[in-house]
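Asker: This is the structure I have questions about; it appears just below.
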């Protein structure tokens, strides 16, 4: 079960512009190294997957907490960005992650906007394993600088 139905669809041009996040411009960003992929985008909502990969494990054979935190921090990026004009900037100013169980499979994260302010966005995310069990949850706060649009 997902939260996607709680959020309205995006305008097609916005959805198309974000469809290949995080593979814009052919650049290898950090999230590409971890292996994150967009699964669904809606207004103020995103769902991403992180395939189980050996490179994301820690010594005990579990997915590293930093990879899970990256997923939480990243899944809300398109949720924020799809609601802003092109050229806007946003950056994490606070990230809180709670780990509920070890992760030994693919992970799916859902992220959504809790509240948008003029210069701050408050978000929440949940990560589940391949069996749908809650692995981690978190909140992130972002500083937002909205791009001025030509008049």
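Asker: Restricting to region 39-60, name every residue that is surrounded by 19 or more Cβ atoms within 10 Å (Cβ to Cβ) and either in contact (Cβ under 8 Å) with a residue 60 or more places away in the chain or in contact with a strand residue (DSSP E or B) (Cβ under 6 Å, 6 or more places away or on another chain) (or both).
Answerer: We begin by selecting, within region 39-60, every residue surrounded by 19 or more Cβ atoms within 10 Å (Cβ to Cβ); these are 41-42, 44-48, 50, 56.
Passing the criteria: 44, 45, 46, 47, 48, 50, 56.
Asker: Okay, next question. In this structure, does residue 36 turn out to be buried (at least 21 other Cβ atoms within 10 Å of the Cβ) and farther than 23 Å from residue 5 by Cα? I'd like the intermediate steps shown before the answer.
Answerer: On the way: buried (at least 21 other Cβ atoms within 10 Å of the Cβ): yes; farther than 23 Å from residue 5 by Cα: no.
No: the conditions fail for residue 36.
Asker: Do the conditions hold for residue 120, that is, is it modelled with pLDDT of 95 or more, surrounded by 13 or more Cβ atoms within 10 Å (Cβ to Cβ) and under 16 Å from the mean Cα position of the chain (by Cα)? So that I can check it myself, show each step before the final result.
Answerer: Details: modelled with pLDDT of 95 or more: yes; surrounded by 13 or more Cβ atoms within 10 Å (Cβ to Cβ): yes; under 16 Å from the mean Cα position of the chain (by Cα): no.
It is false that residue 120 is modelled with pLDDT of 95 or more, surrounded by 13 or more Cβ atoms within 10 Å (Cβ to Cβ) and under 16 Å from the mean Cα position of the chain (by Cα).
Asker: Hey, any hits in region 89-101 for a residue that's surrounded by 17 or more Cβ atoms within 10 Å (Cβ to Cβ), closer than 22 Å to residue 20 by Cα and touching a strand residue (DSSP E or B) at 6+ places or on another chain (Cβ under 6 Å)?
Answerer: yes
Asker: How many residues, within region 24-33, are free of Cβ contacts under 8 Å to residues at least 40 places away in the same chain and loosely packed, with under 12 Cβ neighbours inside 10 Å?
Answerer: 5
Asker: Every residue in region 138-151 that is in a strand (DSSP E or B) and in contact (Cβ under 8 Å) with a residue 60 or more places away in the chain, please.
Answerer: Matches in region 138-151: 138, 140, 142, 144.
Asker: Limited to region 5-35, what total is found for residues that are modelled with pLDDT of 95 or more and within 14 Å of residue 111 (Cβ to Cβ)?
Answerer: Counting residues in region 5-35 that are modelled with pLDDT of 95 or more and within 14 Å of residue 111 (Cβ to Cβ) gives 2.
Asker: Got a sec? Which of 85, 22, 8 is in contact with a strand residue (DSSP E or B) (Cβ under 7 Å, 6 or more places away or on another chain) and over 20 Å from residue 129 (Cβ atoms)?
Answerer: Within the list 85, 22, 8, the selection yields 8.
Asker: If you don't mind, another one. For region 1-19, what are the residues that are in contact with a helix residue (DSSP H, G or I) (Cβ under 9 Å, 6 or more places away or on another chain), assigned to a loop (DSSP other than H, G, I, E, B) and surrounded by 14 or more Cβ atoms within 10 Å (Cβ to Cβ)?
Answerer: 7, 10
Asker: Tell me, please, whether a residue that is closer than 14 Å to residue 45 by Cβ and loosely packed, with under 14 Cβ neighbours inside 10 Å can be found in region 129-140.
Answerer: Within region 129-140 (the criterion being closer than 14 Å to residue 45 by Cβ and loosely packed, with under 14 Cβ neighbours inside 10 Å), the answer is no, since none of the residues qualifies.
The values are calculated or read from the model by the stated rules, or taken from the named source; none is laboratory data. Fair warning: this is a prediction, and the values are worked out from it, not measured in the lab. Cβ atoms come from the backbone with ideal geometry, glycine included; neighbour counts cover every protein chain shown.
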